[in-house]
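Notes follow the structure.
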Amino acid sequence: MSLKKNFLYSSILTVSTYLFPFLVYPYVSRTLGLSNIGIVNFVDNVINYFVLVSMMGIATVGVREIAASRNERRGLSKTFMSLLSLNAITTLIAVVALVVAMFVVPKLMPYRDLLGVGVVKLVFNLFLLEWFFAGMEDFKYITNRSLIVKCLYVLSVFVFVRDASDYRIYYVISVAMVVVNAVINIVYSRRFIDYDIRLTDFRPYLRAFFIMGVYVLLTNVYTSLNAVWLGFVTDTDEVGFFTTATKLHVIIMSVLASLTSILFPRVSSLLAENKRDEYWDKISTSLDAIYLFAFPTIAFVCVAGPALLHIIVGDGFEGSYLPLRIITPLVLVIGIEQILVIQILMAMHKDGIVLRNSFVGAVVSVVFNMLLTARLGAVGSAIVWVVAECAIMLVSMVDIYRSEKFVFPFARLLAYCLSYAPLIVGAVLTYRAIQSEYIAIIAVAMLTVAYAAVNESFVMKNKVADQFVSVIRRRINGR
């Protein structure tokens with residue numbers, strides 16, 4: 001399947017992962033209330049961290065190894081069974097650790113019923129096998145299956161969640177979506193591989209699996225663990241503010257994650273074939289794609305994001321507005337970071353450097369969490385996240401320069417920042433001049449799109465924007 005189609009399906013898949021829960025969020029937030037939303041989000045973030053422990057480095061190593069062996073069924077089956085068995089061992093360890101934590105950690109004891117439901121999510125996450133289908137580049141199947149299951153999820157929420165006491169039912173429905181996806185994936189995967197335990201030999205993958213696993217765990221110290229830490233040192237209301245602010249952010253970031261995920265197998269292949277000129281051209285194109293998306297998004301969300309959030313979740317979530325504005329620049333920071341870490345360092349198998357840099361980010365996160373979170377609550381968590389991601393980005397730039405002599409194009413980045421300054425001013429003036437919240441959001445959105453179209457094509461001469469315009473022109477001309 002072509003790279004463009006892969007990107008289309010991957011974008012739909014990743015956006016839907018966050019968009020469908022977000023579609024029901026206005027209803028759920030009003031029905032369950034801030035406190036119950038905070039409880040569910042706190043429990044789910046705890047479960048998700050145990051999921052990360054169970055998955056370790058399978059998301060990266062799995063895609064890389066499956067992509068390398070997908071042309072021959074027996075070799076593919078051996079790779080798959082080896083990785084799945086290794087993943088099963090870490091899942092068992094995570095399940096045992098979670099059950100123990102449920103009964104010995106005082107902060108978790110009041111939520112043992114929800115955590116028990118979360119155990120089911122942890123177990124069935126083993127069989128989601130998204131890494132396998134990503135390695136096969138079968139994004140069409142993943143997307144179609146996910147959309148069907150997510151539609152069922154939305155319908156179930158509106159049917160079964162009726163009042164504030166139904167927050168347990170809401171979480172059960174969320175976990176049921178994982179179970180259904182896992183069962184379908186297991187059945188469909190048999191078209192490509194043979195489930196034969198005799199093919200298992202996970203020794204060749206142990207080192208990369210655990211190195212990348214530690215990287216993922218350290219990375220999530222300054223992402224998903226922020227909400228867990230916040231719940232321990234403050235209360236579930238602050239968790240509700242922070243997680244509500246991140247709801248809008250993660251949908252935006254999902255588009256960038258789609259670009260990175262579909263390019264990773266491709267750039268890895270280019271390096272393996274020693275096509276370095278083509279490889280660095282792909283890196284340059286990726287940066288242009290980040291800029292094309294990030295700068296208009298940051299401008300719009302910083303100005304109109306709180307109003308949009310108010311329309312979505314209603315009153316009582318005003319504590320989410322400032323954290324939303326603080327984390328919005330992460331669209332750019334994380335976008336650049338993903339190119340540096342995933343498309344360059346990981347693709348070049350510099351796993352040790354990636355691990356060391358993630359440790360730097362984790363240390364920065366822990367230090368700033370201890371300094372800020374208890375005093376500033378959700379705002380502190382937002383600041384911690386931004387500082388940690390910036391630290392990772394900067395040390396990755398230094399490492400790539402040292403090993404590859406690749407100098408990051410800071411001049412172009414600065415030119416982008418300056419070119420979008422007039423948009424920020426114009427958007428603020430437009431927003432303040434209009435009384436209606438709905439009309440103000442629409443006006444700022446239209447201004448942002450119009451300004452970005454002119455700026456990207458004629459001022460910044462963005463390669464991705466030029467390709468996009470060319471495609472539109474061909475469609476208009478019927479070619």
Inset, instruction - Have a look at 63, 105 and point out the one that is of a type outside the set (Lys, Arg), over 19 Å from residue 123 (Cα atoms) and in contact with a Pro (Cβ under 9 Å, 6 or more places away or on another chain). - result: 63
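Matching residues to (1) more than 14 Å from residue 230 (Cα to Cα); (2) assigned by TED's automatic domain parsing to the domain that holds residue 247; (3) touching a strand residue (DSSP E or B) at 6+ places or on another chain (Cβ under 9 Å); (4) part of a helix (DSSP H, G or I):
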{"site": "315", "(1), (2), (3), (4)": "yes, yes, no, no"}
{"site": "356", "(1), (2), (3), (4)": "yes, yes, no, yes"}
{"site": "359", "(1), (2), (3), (4)": "yes, yes, no, yes"}
{"site": "362", "(1), (2), (3), (4)": "yes, yes, no, yes"}
{"site": "371", "(1), (2), (3), (4)": "no, yes, no, yes"}
{"site": "381", "(1), (2), (3), (4)": "no, yes, no, yes"}
{"site": "384", "(1), (2), (3), (4)": "no, yes, no, yes"}
Legend entry - Cβ-Cβ under 7 Å pairs, at least 6 apart or on other chains, segment 270-282 side assigned to a helix (DSSP H, G or I), far side of a type in the set (Phe, Trp, Tyr): 270/279; 271/279
Inset, instruction - May I ask you to list the residues in segment 414-449 that are at pLDDT 90 or above and assigned to a loop (DSSP other than H, G, I, E, B)? - result: 434
Inset, instruction - Take the residues in segment 296-336 that are small (Gly, Ala, Ser) and farther than 15 Å from residue 381 by Cβ, then tell me which one is surrounded by the fewest Cβ atoms within 10 Å (Cβ to Cβ). - result: 314
Inset, instruction - Return a yes/no flag: does segment 241-249 have any residue that is exposed (fewer than 15 other Cβ atoms within 10 Å of the Cβ), aliphatic (A, V, I, L, M) and not assigned by TED's automatic domain parsing to the domain that holds residue 67. - result: no
Inset, instruction - For residue 71, indicate whether it is within 25 Å of residue 342 (Cα to Cα) and outside any helix (DSSP H, G or I). - result: yes
Legend entry - Residues satisfying the stated conditions in segment 115-148, i.e. surrounded by 15 or more Cβ atoms within 10 Å (Cβ to Cβ) and at pLDDT 85 or above: 115, 117, 118, 119, 120, 121, 122, 123, 124, 125, 126, 127
Inset, instruction - Go over the candidates 392, 383, 336, 326 one by one and state the one that is under 23 Å from residue 213 (Cβ atoms) and β-branched (Val, Ile, Thr). - result: 392
Inset, instruction - Residues being out of contact with any helix residue (DSSP H, G or I) (no Cβ under 8 Å at 6 or more places or on another chain) and either modelled with pLDDT of 85 or more or more than 30 Å from residue 71 (Cα to Cα) (or both): count how many of those fall in segment 152-202. - result: 4
Legend entry - Qualifying residue in segment 170-189 (condition: outside any helix (DSSP H, G or I) and either out of contact with any Gly (no Cβ under 8 Å at 6 or more places or on another chain) or surrounded by 15 or more Cβ atoms within 10 Å (Cβ to Cβ) (or both)): no
Legend entry - Complete set of residues in segment 120-161 that are among the small types (Gly, Ala, Ser) and closer than 12 Å to residue 182 by Cα: 146
Inset, instruction - Output yes when any residue across segment 396-406 is assigned by TED's automatic domain parsing to the domain that holds residue 300, at positive phi and basic (Lys, Arg), and no when none is. - result: yes
Inset, instruction - Specify the residue that is nearest to the chain's Cα centre (by Cα); the eligible residues are those in segment 433-450 that are among the hydroxyl-bearing types (Ser, Thr, Tyr) and surrounded by fewer than 20 Cβ atoms within 10 Å (Cβ to Cβ). - result: 438
Inset, instruction - Evaluate segment 216-233: report whether one residue or more is β-branched (Val, Ile, Thr), closer than 24 Å to residue 373 by Cβ and either modelled with pLDDT of 75 or more or in contact with a His (Cβ under 7 Å, 6 or more places away or on another chain) (or both). - result: yes
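The values are calculated or read from the model by the stated rules, or taken from the named source; none is laboratory data. These numbers were taken from a predicted model, which means no experiment stands behind them. A quick note on method: Cβ atoms are made from the backbone with ideal geometry, for glycine too, and the neighbour counts reach across all protein chains shown.
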